[in-house]
Every structure is written in C-alpha cells, then in structure tokens.
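The values are calculated or read from the model by the stated rules, or taken from the named source; none is laboratory data. Just so we're clear, the structure is a prediction, and the values are computed from it rather than from any experiment. Here Cβ is always computed from backbone atoms with ideal geometry, including for glycine, and neighbour counts include all displayed protein chains.
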Amino acid sequence: MIESYRLSVSLLGFGGSCRLVNPMTERRERYPLLRRGFYHNELHYGKVGVTISINPETLSGPFAASKNLRLPTAAGAWGKQGAYAMPSTLFRRAATALTLLMISGVGLASDWTERSDHNLRPGVTPISQDVYDLHMAILYVVSAIGILVFGLIMYSVFAHRRSKRPKPADFHEHVFLEILWTVIPFFILVGMTIPATKVLIRMDDSSASELVVKVTGYRWKWSYEYLTYQDDNNVGVNFFSNLKTPAEQFNRPALEAGLFPYGTAAENYGKDAPEKDHNYMLDVDKPLYIPSGVKVRFLITSDDVIHSFYMPDFGLKKDAIPGFVNEVWTNVPVGNEGTYYGQCAELCGKNHAFMPIEVRVVAQDEFDGWLAAEKEKAASGPDLTPFSSLESALELGQQKYAASCALCHGANGEGGIGPAFVGSEMATKPEHLQEHIDVLVNGRNAMPSFKAQLTPRDIAAVITYERNAWGNDTGDLIQPADIAK
Ligand code: HEC
Ligand SMILES: [Cu+2]
C-alpha cells in the first residue's frame with residue numbers, strides 16, 4: 001500500500017511534481033500547498049489518491065502563458081488579490097492530463113527498474129531474465145508511443161483552443177496517411193511478436209529434463225511428488241506442504257470487520273500487535289527441494305478447484321486445473337542456491353492467500369543426500385510407534401492441527417468453514433470416537449480425506465488434541481495403531 005510517493009517530471013517544458021498519497025492519512029497536508037500558491041490537483045483511484053502540485057513560477061514552454069492567467073502566485077494568492085483565484089479551466093485540464101501521463105509513465109523512472117517492488121523481477125533463471133528483458137523492451141516501446149500520442153493530443157488541445165479560432169485542417173480521408181498509420185503499427189506489433197514468440201517457445205520446451213516433480217494444488221496447500229530423477233523412474237517420495245505462519249499473526253478480527261482499512265497492525269493494535277515472521281505468509285512446514293544446474297520439469301494439476309503455481313524468480317506460472325496436467329520447467333543455474341518463494345496465483349477460495357510455495361534450491365550432491373533420506377523414510381512404511389504419554393501426543397497434535405485444520409476449523413476449535421470442536425458431540429462423546437477417526441481418514445462432504453496427507457501417527461495425535469484441547473478434557477489417548485487398522 002503506497003503511503004506517499006513523490007515523483008518529479010519535466011515534460012514538454014512543463015515542470016511539476018506528482019505525489020501519490022493515501023488520502024485517508026494525508027488529507028491535512030493538502031491545504032498548505034494551496035496557500036503557497038501552488039496549483040493543486042487531485043485524483044482518486046480506489047484507496048490511493050494522486051495529488052499534483054505545480055509551482056506556477058516554474059512554468060515554461062507552451063504553458064508559460066498560464067502564469068498570466070488568473071492563477072495565484074506564490075506571493076499573491078492571499079495578498080495582492082486578497083482572495084484565492086481558481087486557475088483557468090484550460091490550465092486545470094492540462095494539469096489533469098499531465099497527472100494522468102505521469103501515472104502512466106511511472107515505470108520509466110530509471111531507479112525503479114532494477115529490483116523494485118514496482119516492476120517485474122529479473123529473477124534467477126535464464127527464462128525469467130528473458131521475460132524481464134522482453135517486458136522492459138516492450139515497456140520502452142509503449143512508453144515512447146504513449147508520450148508521442150499524448151503529446152500530440154495535448155499539443156492539439158492547446159494549439160487549437162477555441163480562443164484561437166482554429167481553422168480545421170483538411171487532410172481527412174487522406175489515402176497515403178491512412179495507409180501509413182495502418183502499416184506503421186503493424187510493423188511495430190510484428191516487431192514485438194518476434195522476440196516474444198522466441199521466449200515462449202523456449203519456455204515450452206521441457207525436453208531433456210532430469211528430474212520430474214508432480215505438483216498438486218489443494219484448498220489450501222500444495223503437494224509434491226517426485227516421480228523420476230535421472231535413471232530412477234520410481235522415486236516414490238511425496239509430501240504435503242502447509243503454511244507455517246501461526247494463526248495469531250494473521251487473525252485480525254478488527255481488520256476483518258472493516259474497522260481499520262488502512263495502516264499496519266502496530267498502528268491499529270498498538271503494542272499488542274503480534275510480531276510477524278520475516279517471511280510472514282510464505283514459510284511452509286515442508287519445502288520443495290530441487291537441485292541447482294539441473295533441468296526440472298513440473299507436472300501441474302489440482303485436486304479440487306483451479307490453482308496456479310507461480311514462482312516469480314523462476315519466471316514460471318502455470319494453472320493447476322483438476323483433470324488436466326500442465327507442464328513447466330526450470331533450471332536454476334549453479335551459484336543461485338537458496339530459498340525462493342511463490343504463491344498460488346489463482347483465486348481459489350477463502351484461503352487463497354494461505355498456500356505459499358517455498359522452494360529450496362540446493363547443490364546437486366546435497367539434493368542427492370536429501371532425496372536418499374526421504375526415500376528411506378518412505379520405504380520404511382508408516383511409523384506406528386505408540387505415544388508414551390498423552391503429553392507427547394498433544395504436542396504433535398497441536399502442531400498438526402495448526403498446520404492442517406486451523407484454517408477451516410478455527411485456531412481454537414471455534415469453527416469456521418468446518419464445524420466447531422469446542423464441546424462438540426463429535427470431539428467429546430466416546431460413542432463418536434470411531435466416527436471421528438473415519439471422518440479424518442476418509443473425508444466427508446467438504447471435509448477432505450487426510451489419509452494421504454497425514455501419517456497414522458499424525459492423525460492419532462490430532463484427534464487426541466481435539467479431544468483434549470479447549471476444555472474438551474476427555475483424557476482420550478488415540479494411538480497410531482487405532483488409525484492404521
Ligand atoms: C478445507 C477445509 C477443512 C479442513 C482443512 C479440515 N476440515 Fe474438518 N471439516 C470440514 C467441513 C466442511 C466439515 C463438515 C463436513 C460435513 O458437512 O459433513 C468438517 C468436518 C469435520 C469433522 C466432523 C465434525 C462434526 O461435528 O461432524 C471433524 C472431526 C473434522 N472435520 C476434523 C478435522 C481435522 C482434525 C482436520 C485437520 C487434520 C480437518 N478437519 C481439516 C472442513 C475442513
Ligand atoms: Cu490456490
């Protein structure tokens with residue numbers, strides 16, 4: 001959310017400065033400018049206001065004449081004339097046009113193009129860099145066209161204003177001109193299509209990949225299944241990846257009630273505001289590992305609604321559609337090892353913002369070690385070691401509940417998309433225990449099955465937790481073996 005941004009431009013000899021402001025917090029600041037005789041204009045785009053203020057003393061070029069219009073001067077607004085005089089309609093229109101131009105041209109400011117929040121990111125793969133270069137090249141082309149076209153419009157509006165009694169030009173239906181302004185845009189478009197198509201073709205070529213990972217979107221998490229790696233056609237490693245950010249960092253009841261549309265949590269809640277993790281809403285409990293310098297092919301699908309696998313630093317975004325398998329690939333060059341984040345990029349329901357993607361790019365030998373360890377874990381079958389105490393089950397259960405259930409059933413079992421557990425028949429009555437297990441293992445209506453997502457040990461722990469937390473003091477201890485049978 002932009003609080004305030006200042007941008008100065010000089011265009012067609014017309015100097016001005018444009019300030020993007022949040023109108024809710026910046027209201028007070030506007031009036032001093034007016035009094036100092038600055039011309040002042042403001043526009044609103046949703047929650048962001050744009051204020052333009054122009055010092056008439058700095059006007060030059062074709063607009064210099066405006067200085068002599070009924071415009072307040074720095075000294076004279078309240079002095080000489082004794083009252084504030086409105087600038088001419090023409091001047092106000094021109095300033096509005098300039099404001100719009102400034103907004104459309106913000107991408108041009110050179111220090112915003114490197115690695116900024118206002119532009120596409122160059123990313124770390126050859127493809128993401130190609131995409132970035134393409135984006136910049138086309139931005140320059142369209143900016144030049146924009147300046148030319150808006151410049152001509154503004155020039156015409158000014159040069160042929162009514163007070164000049166202009167005589168209309170007579171090149172209407174001029175065949176040569178009509179051909180010219182059809183042919184030139186045609187070549188500009190073709191000129192942009194050629195490099196764009198080259199990049200698209202390169203993005204599409206997933207041949208000769210060494211690692212294949214199937215990515216499945218779920219409401220609201222991702223699962224990863226390692227299918228093949230080099231000569232191994234049956235890797236058999238798969239897991240779910242859940243948001244790790246604890247609920248108290250994003251549960252903001254007042255915000256949801258619409259009381260504080262602006263500002264940070266600290267401003268709205270004072271010192272009680274929960275401290276946010278550095279990677280708030282991005283960290284997951286089990287990240288996706290891929291090796292650097294290896295071509296990785298992702299097969300992308302969904303289990304429920306449409307999601308989208310989006311990794312900006314890899315220049316990669318593909319829809320995950322139930323019943324279809326899409327593919328994309330990436331190859332992160334050696335030397336770029338590290339943690340990269342992405343998000344689901346398709347509106348997929350209430351908790352769309354809660355299914356981040358965390359990718360650890362590691363050196364190939366480290367990856368080999370990680371994969372071998374994961375394979376060993378997968379081969380040894382589910383861990384059915386009984387819990388030694390209620391406490392140990394509760395500890396695991398609390399973690400699993402926060403990661404897998406809280407989004408639908410509430411952080412404190414108070415309910416939400418799914419029913420509440422606090423004092424519920426299901427979570428407290430002994431005769432419902434078997435049904436409780438069945439609902440988790442097999443799912444029921446909108447309640448997903450957790451057979452594939454959680455181990456029997458996790459399921460036993462989470463049920464134990466539901467039956468003992470929030471005052472549901474049943475004392476029931478469910479063991480992994482109860483689930484596996
Ligand atoms: C995607 C949202 C969602 C998630 C995630 C989810 N549930 Fe549910 N759950 C539901 C819905 C919806 C129902 C109601 C199902 C129905 O109408 O039959 C439900 C029902 C239940 C019930 C039956 C409650 C009753 O009183 O009938 C239990 C028990 C349950 N969920 C446990 C869990 C546990 C434990 C987890 C985490 C491992 C979990 N759920 C995760 C949506 C969810
Ligand atoms: Cu999604």
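Below is a table of values for the structure above.
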| quantity | calculated |
| --- | --- |
| Failed criterion for ILE300 (all others in (1) under 29 Å from ALA446 (Cα atoms); (2) at pLDDT 95 or above; (3) more than 16 Å from ligand 2 (Cβ to nearest atom) hold) | (3) |
| Test result for GLY410, free of Cβ contacts under 8 Å to residues at least 12 places away in the same chain and surrounded by 17 or more Cβ atoms within 10 Å (Cβ to Cβ) | yes |
| Some residue of region 413-428 being at pLDDT 85 or above, part of a helix (DSSP H, G or I), farther than 25 Å from GLY381 by Cα and more than 8 Å from ligand 1 (Cβ to nearest atom) | yes |
| Condition met for ALA427 (out of contact with any Cys (no Cβ under 9 Å at 6 or more places or on another chain) and more than 25 Å from VAL305 (Cβ to Cβ)) | yes |
| Region 387-405, residues that are assigned to a helix (DSSP H, G or I) and more than 8 Å from ligand 1 (Cβ to nearest atom) | LEU390, GLU391, SER392, ALA393, LEU394, GLU395, LEU396, GLY397, GLN398, GLN399, ALA402, ALA403 |
| Tally of residues being surrounded by fewer than 21 Cβ atoms within 10 Å (Cβ to Cβ) and under 12 Å from TYR310 (Cα atoms) across region 341-357 | 4 |
| Candidate set: region 214-242, residues that are charged (D, E, K, R) and surrounded by fewer than 22 Cβ atoms within 10 Å (Cβ to Cβ); chosen: the one nearest to the chain's Cα centre (by Cα) | LYS214 |
| Residue among ILE483, ILE417 that is in contact (Cβ under 8 Å) with a residue 40 or more places away in the chain, more than 21 Å from ASP285 (Cα to Cα) and within 16 Å of ligand 2 (Cβ to nearest atom) | ILE417 |
| Region 422-450 residues that are in contact (Cβ under 8 Å) with a residue 12 or more places away in the chain, paired with ones that are of a type in the set (Ser, Thr, Tyr) and surrounded by 15 or more Cβ atoms within 10 Å (Cβ to Cβ) (beta carbon under 8 Å, 6 or more apart) | PRO448/TYR218; PHE450/SER404 |
| Checklist (1) away from ligand 1 (no atom under 12 Å from the Cβ); (2) at negative phi applied to GLY471, failing item | (2) |
| Any hit, region 454-471, residues being more than 21 Å from ASN238 (Cβ to Cβ), crowded, with 21+ Cβ neighbours inside 10 Å and in contact with a strand residue (DSSP E or B) (Cβ under 9 Å, 6 or more places away or on another chain) | no |
| Filtered residues of region 450-465 (kept if touching a Gly at 6+ places or on another chain (Cβ under 7 Å) and either near ligand 1 (Cβ under 10 Å from one of its atoms) or not hydroxyl-bearing (Ser, Thr, Tyr) (or both)) | ALA461, VAL462, TYR465 |
| Where a residue in region 202-228 is touching a residue at least 60 places away in the same chain (Cβ under 8 Å) and closer than 13 Å to ARG297 by Cα and its partner, wherever it lies, is among the small types (Gly, Ala, Ser) and not in a loop (DSSP other than H, G, I, E, B), with Cβ under 9 Å and at least six apart | LYS214/SER223; VAL215/SER223; VAL215/ALA320; TYR224/SER241 |
| Test result for GLU374, without any contact (Cβ under 8 Å) to a residue 40 or more places away in the chain, farther than 27 Å from GLY416 by Cβ and either loosely packed, with under 14 Cβ neighbours inside 10 Å or not hydroxyl-bearing (Ser, Thr, Tyr) (or both) | no |
| Condition met for TYR289 (within 20 Å of the chain's Cα centre (by Cα) and either in the same structural domain as VAL361 (by TED's automatic domain parsing) or at pLDDT below 95 (or both)) | no |
| Members of region 422-447 that are touching a strand residue (DSSP E or B) at 6+ places or on another chain (Cβ under 9 Å) and surrounded by fewer than 16 Cβ atoms within 10 Å (Cβ to Cβ) | ASP438 |
